[in-house]
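Contents: one structure, followed by commentary.
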Amino acid sequence: MMRRRLVPLLAAIALAGCTLEPDYRRPESPVPPSWPAGDAYLARSEAALPGVAWRDIFRDPRLQQVIEQALANNRDLRAAAANVAAARAQFRVRRAEIFPSLAAVAGASASERGNGAGSEESYRADLGASAFELDLFGRLRSLSHAALQDYFATESARRATRLALVGEVASAWLTLAADRSLLAIAEQTRESARRSVDLTGARLRGGVASRIDLRQAETVLATASGDVAALTTAVAQDRNLIELLVGAPVDEALLPEGIETAEAALAELPAGLGSEVLLRRPDVLEAEYRLRAANARIGAARAAFFPRISLTGLLGTASDALSGLFAGGSFAWSAGGEARQTIFDAGATAANARFARAQREAALAQYERAIQTAFREVADALARRGTIDDQLAAQRDLVEAARDNAALTDARYRGGIASFLDSLDAQRTFYAARRSLVATRLARALNLAGLYTALGGDSQAAAQPYERQTPPPAREGEN
């Protein structure tokens, strides 16, 4: 008799461990297996997910402190962490639906009859489970799987936010360095132009120079003065952006003096594997987790075509006297089950299944789009990386040639051999060459920072999607 009762129970438990979800297989990457090659790329233009932390790439101690402050105070990162906590809680809610919910009830009542018949008292204590769904077809388990994958996707989004924040802080810090270098160049040029205006004015009063020479000298001074004003504003705005990203005031001692020292403190990225490393980027991982969640929801939609079986059980005791509440003979129990099957719903169940499949196709397209976008970002960064050093070397040569030409032309002008216009043209060329060198230095620095973030940064904790079916443990301080 006992065996015959256990057989259907064990069969139901076995069925409850199954789902109707489609088998998940990671889609093929819609990008080439290797990075582009050609004249714009380095001889070894492979790129790998760096096996280093951001501190190994951004080596300036001041920049490291600014990034650490941003990771501690940035409001976007705090919001992302709150979203992770919410997704974790939502998964636990879904997982709890698989198990029965037990409730204990205790009560007492008293009533009095008329005509002097006296009063009646009753007491009861019950423990029961109401409408527990026996998940034979995996509907609740599929919803739990979907919530788990949504949780993992939210965690990947938090890592993507963190990675983007590191890149944005580094880029803002480097931009401030470049603008400060440009400001210093503009101030030096303004002072040189002011001396040239004074000298030309004296020569005009002595009858040696013409008024045209004076006006030409004043154009250089006005140009440099305008650049000083614009760059002063840019430097202030750069600092405002850094403090916004950090979420707190930033000590002046942690800010760079110029791009020359800031750019020299950046490390090169290692080279290695092919484009499969893009699967480790946090945004790509997020898209894959969303795809997994959509795949799990198909199982829940399929299970809706089958009956829902719910169980109810009650164990309790009742007595007319409190002292006899737990006495022998006062205990009672009851159990029941219910199967519910939809006969007609105007096609709503079938439409929900089609909706779930369509959502999966949309998630698949978004996943493939995320990989394609990541591939393009890395390829663009590699193309820039392959040519920027040659451009920087050429720009340095241009600055040295323009510097020497300006000195020689000024000496020829003072010796009465060259015209003042030749001297002014040489000064303008030297000024433009110095500005271009700063811009090239900034482009190289931003390229290194951009390549680091495009490859996924130090997100190696998310190297592969989670295969386990339980969430990672909560961080310290979380419940």
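Tabulated data for the structure shown
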quantity	calculated
For the stretch 130-224, with +1 on Lys and Arg beta carbons and -1 on Asp and Glu, the positive-most of ALA186, TRP173, GLY207 along the dipole	GLY207
Fraction of antiparallel bridges per DSSP, the stretch 57-159 only, in percent to nearest 5	100 percent
Spherically averaged projected area in nm², based on the convex hull that wraps the Cα atoms of the stretch 238-307	9.9 nm²
Simple Cβ-charge dipole of the stretch 166-321, Lys/Arg +1 and Asp/Glu -1, about Cα centre, in debye nearest 20	620 debye
Solvent exposure of the stretch 120-265 as accessible area per residue, Å², 1.4 Å probe	42 Å²
Karplus (6.51, -1.76, 1.60) ³J(HN,Hα), θ = phi - 60°, over the stretch 130-143, in Hz, Gly and Pro reported as x	10, 6, 7, 7, 7, 7, 5, 10, x, 4, 5, 5, 5, 5
Accessible surface of the stretch 165-324, 1.4 Å probe, proportion on carbon and sulfur as whole %	59 percent
Dipole of the stretch 188-270, positive direction: furthest Cα of VAL250, THR261, LEU231, with charges on the beta-carbon	LEU231
Inter-probe distance in nm under a simple model that places probes 7 Å from Cα toward Cβ, at LEU314 and SER111	1.6 nm
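The values are calculated or read from the model by the stated rules, or taken from the named source; none is laboratory data. The model shown is predicted, which means the values in this text are computed figures rather than measured ones. Cβ coordinates were reconstructed from backbone atoms using ideal geometry, including for glycine residues, and neighbour counts include every protein chain displayed. For accessibility, only protein heavy atoms count, side chains too; no ligands or nucleic acids. Shrake-Rupley method; radii C 1.70, N 1.55, O 1.52, S 1.80 Å.
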